Amino acid sequence: MNRTEDVTITTPTDREVVVTRTFDAPRTLVFDAYTQPDLLKRWYGAPGRSLVVCEIDLRVGGAYHFLWRGEGKKDVGMHGVHREVARPERLVRTERWEDWDAGEIIETVTFTENAGRTTLTSTGLYPSKDIRDAVLKAGLEHGTRETFGRLAEMLGTLQSSRGAA
């Protein structure tokens with residue numbers, strides 16, 4: 001069973017945030033859940049918002065665009081470009097928020113499998129300490145725990161349905 005206490009958030013440098021969570025699923029499935037629009041729309045939300053636009057060109061140099069929408073809330077968008085795609089081990093991409101000029105963030109995600117469990121490690125490299133600290137203050141920890149909890153639930157559902165097939 002996945003637990004929210006599995007999420008670890010550290011700040012190893014003045015510009016980085018490292019988020020780690022282990023999931024009870026093989027890394028190919030976790031990688032797919034992180035990169036396939038039909039799966040992302042099922043878990044990658046924001047408080048009070050759903051992912052309504054999820055366009056991904058999953059190749060080096062390929063772009064992606066996400067847009068979250070919620071009733072009575074302002075739309076929130078993010079886009080970037082993939083710098084590295086090594087399925088199912090590693091993903092590196094840029095990230096820019098459309099409603100906040102935070103500059104370009106570099107996200108590096110690794111997927112490490114051990115005995116059928118996958119540890120996802122996401123390292124965000126921010127343009128400055130001030131931007132990193134603003135992201136932390138805005139609720140990164142709570143949002144990540146909630147979002148990764150939804151991912152864990154979806155992975156469990158996918159594995160159950162695959163096992164029944």
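Could you tell me how many of the residues in the stretch 110-157 are under 21 Å from P12 (Cβ atoms), in a helix (DSSP H, G or I), over 17 Å from the mean Cα position of the chain (by Cα) and not basic (K, R)?
Looking only at that region, the number is 4.
Starting from residues that are under 18 Å from T144 (Cα atoms) and in contact with a helix residue (DSSP H, G or I) (Cβ under 8 Å, 6 or more places away or on another chain), keep the ones in the stretch 46-65 and report whichever is surrounded by the fewest Cβ atoms within 10 Å (Cβ to Cβ).
Looking at the filtered set, the residue picked out is P47.
Any chance you could count how many residues in the stretch 54-96 are of a type outside the set (D, E), within 15 Å of the chain's Cα centre (by Cα) and closer than 15 Å to K41 by Cα?
Residues meeting the conditions: 9.
Determine which single condition L155 fails, assuming it passes every other condition in (1) at pLDDT below 95; (2) surrounded by 15 or more Cβ atoms within 10 Å (Cβ to Cβ).
(1)
Kindly establish whether P88 is in a loop (DSSP other than H, G, I, E, B), within 23 Å of L29 (Cβ to Cβ) and in contact (Cβ under 8 Å) with a residue 60 or more places away in the chain.
Taking the combined requirement at face value, the residue satisfies it.
Residues checked against (1) touching a residue at least 24 places away in the same chain (Cβ under 8 Å); (2) over 20 Å from T123 (Cα atoms); (3) not in a strand (DSSP E or B):
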| position | (1), (2), (3) |
| --- | --- |
| T22 | yes, no, no |
| D32 | yes, no, yes |
| K41 | no, yes, yes |
| G61 | no, no, yes |
| E71 | no, yes, yes |
| K74 | yes, yes, yes |
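The values are calculated or read from the model by the stated rules, or taken from the named source; none is laboratory data. Because the structure is predicted, anything quoted here is derived from the model rather than measured. Reconstructed Cβ throughout: ideal geometry from the backbone, glycine too, with neighbour counts over all protein chains shown.
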